[in-house]
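The structure under discussion appears below in the form of structure tokens.
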Amino acid sequence: MNIPHLTRLAVAALAFTAAGTAAQAKTGQEVLQAQCVACHAVTKPQKLDVDRLWQRKGPDLYYAGVKFNQPWLEKWLQSPTTIRPAGVMVARAVKASADKGPDTIDPAALSPHPKLDKDEAAAVAAELMKLGGDAGLVEKGGFKNDPPNASMASLLFAKLRGCASCHSAKPGNGGSSGPEMVDGGARLQPDYVVAYIKDPQKFDPHVWMPRLDLNDADIQKLAGYITTLKGEPK
């Protein structure tokens with residue numbers, strides 16, 4: 001038996017396998033282009049008009065790096081769960097009741113989000129975290145991290161400032177036209193929460209979330225409350 005020859009063959013086979021694996025591995029940018037850009041804007045659109053808002057299939061991601069927490073992104077991309085009960089454009093998913101009762105959400109109007117494997121999710125999350133830092137949308141340090149009065153902050157969200165009309169802080173308890181906040185503290189960066197509550201139209205001039213002109217104390221209380229919401233979404 002020619003041992004040196006067999007050794008060379010084994011080394012060559014291992015090298016070929018490693019090369020093949022490396023060739024098959026996709027970068028985060030490659031996965032973004034292949035699976036994300038058809039539904040999400042990863043660069044700022046030239047026109048932020050009503051038509052674009054109506055036609056888009058998924059939330060904008062061009063400021064994802066100042067919006068999301070990376071560990072949450074990696075986990076969610078592997079096992080997507082409901083964030084927007086009525087989809088990204090609520091008017092396309094709402095179905096009028098035949099008996100003049102409350103409108104309902106048509107599940108047929110909603111599409112499931114594709115799943116990524118662990119390596120793809122990590123690569124895409126890392127790529128997304130590069131986005132938005134130069135967009136001037138979120139003030140670093142805008143969240144003051146003052147411990148909120150839990151009962152007062154919850155009351156602000158649920159009753160006094162109307163957040164629960166569109167968002168739910170607990171499963172099944174709140175509106176469905178906006179993103180769920182059940183896991184808002186795990187999902188969203190606090191500085192982003194402050195910036196978005198303060199001026200939603202800074203992110204998109206036609207987005208339907210109202211600018212409430214809250215005082216800074218209320219904004220900080222609401223943001224502080226949302227940071228405490230770490231439960232799993234439905």
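Here are the numbers:
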{"quantity": "Test set (1) in contact (Cβ under 8 Å) with a residue 40 or more places away in the chain; (2) closer than 26 Å to Leu73 by Cβ - Gly136 fails condition number", "calculated": "(1)"}
{"quantity": "Which listed residue, of Ala25, Ala64, Ala86, is modelled with pLDDT of 90 or more and in contact with a helix residue (DSSP H, G or I) (Cβ under 9 Å, 6 or more places away or on another chain)", "calculated": "Ala64"}
{"quantity": "Helices (runs of 4 or more DSSP H) within segment 126-202 that include 1 or more residues touching an Asp or Glu at 6+ places or on another chain (Cβ under 7 Å) and either crowded, with 19+ Cβ neighbours inside 10 Å or of a type in the set (Lys, Arg) (or both)", "calculated": "190-198"}
{"quantity": "Given (1) assigned to a helix (DSSP H, G or I); (2) surrounded by fewer than 20 Cβ atoms within 10 Å (Cβ to Cβ); (3) of a type in the set (Val, Ile, Thr), number of the condition Val207 does not satisfy", "calculated": "(1)"}
{"quantity": "Tally of residues being at pLDDT 95 or above and among the aromatic types (Phe, Trp, Tyr) across segment 152-202", "calculated": "2"}
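One line per residue, one yes/no per condition, for (1) among the aliphatic types (A, V, I, L, M); (2) under 16 Å from the mean Cα position of the chain (by Cα):
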{"residue": "Gln70", "(1), (2)": "no, yes"}
{"residue": "Pro85", "(1), (2)": "no, yes"}
{"residue": "Ala96", "(1), (2)": "yes, no"}
{"residue": "Lys118", "(1), (2)": "no, no"}
{"residue": "Lys130", "(1), (2)": "no, yes"}
{"residue": "Ser154", "(1), (2)": "no, no"}
{"residue": "Arg161", "(1), (2)": "no, no"}
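The values are calculated or read from the model by the stated rules, or taken from the named source; none is laboratory data. What you see is a predicted model, and the numbers here were worked out from it, not measured in a lab. In this analysis, Cβ positions are derived from the backbone assuming ideal geometry, glycine residues included, and neighbour counts consider all displayed protein chains.
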